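Written below as structure tokens is the structure these notes are about.
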Amino acid sequence: MSQRSDVLAGRLEQGARALAAYAAALSEAEWQSRVKDGRKIGVIVHHVATMYPLEIQLAQALGAGQPVVGVTWDAIHELNAKHARDYDGVTKEEALDLLQKNSSAAAAAIRALSDTELDRAAAVSLNSDAPLTCQFMLEDHAVRHSYHHLAAVRRALELVEQAA
């Protein structure tokens, strides 16, 4: 394990723990509240957990020097909308269990990457086929994901409180 991969994995774990701790303390009404894009907070927590394996797979492809093809924002929005429909009733226990399981697996996969793999770049369709490194893909997706959605959840609940 490289020091860089260990640090990246630690950042992912820190974000997942922060999201899990915040979500665990939510009331059922808060869990059912919706964020700006219309998804329930519980769905968002489950979404983050669900996306870790895919985000890691894409980063590993870059680490192997393979391009990421066919991934578009339209496809991501469609995937997210389907997920929201399919998991509209997800329980806190289900979402938090999956978040713990998948964030642990994601961190282990990151720790398995060498510095050479982290530095390898290939075209990424999601980013106009720009050649991006495995490390950038990890930071911009798997590592950032929990932080991004935790901030959105906090903002949504602040707006609910202000409206009350």
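Some observations on this one:
- Mean sequence separation of contacting Cα pairs (under 8 Å, at least six apart), scaled by the length of the chain, corresponds to a relative contact order of 40 percent.
- Residue of 44, 56, 76 that the Gaussian network model of the chain assigns the largest fluctuation, springs spanning Cα pairs under 10 Å: 76
- Within a Gaussian network of the chain (alpha carbon springs, distance under 10 Å), most fluctuating of 45, 153, 90: 90
- Karplus-derived 3J(HN,Hα) values for the range 139-152, using 6.51 cos²θ - 1.76 cosθ + 1.60 with θ = phi - 60°, are 5, 7, 10, 4, 6, 6, 4, 5, 5, 4, 6, 4, 4, 5 Hz; glycine and proline are entered as x.
- The range 58-115-the range 130-164 distance, computed between alpha-carbon centres (Å): 14 Å
- Taking amide H positions as modeled 1.01 Å from N, with prolines and chain starts lacking one, the residues under 5 Å from residue 68 and 5 or more places away or on another chain are 123, 124, 125.
- Counting 0.36 nm for each residue step from residue 32 to residue 128 and taking away their Cα separation leaves a gain of 31.0 nm.
- Calculated volume of the Cα convex hull per residue in Å³ (choose from [x] 117; [y] 283; [z] 101), label: [z]
- Take the Cβ atoms of residue 161 and residue 116, set R0 to 41 Å, and the FRET efficiency comes out at 0.25.
- Placing dummy labels 7 Å off each Cα toward the beta-carbon, the span from residue 74 to residue 151 is 2.8 nm.
Read-outs: derived from the displayed coordinates by stated rules, not from any lab. Because the structure is predicted, anything quoted here is derived from the model rather than measured. When we count neighbours, we look across all protein chains shown, and the Cβ atoms used for this are built from the backbone with ideal geometry, even at glycine.
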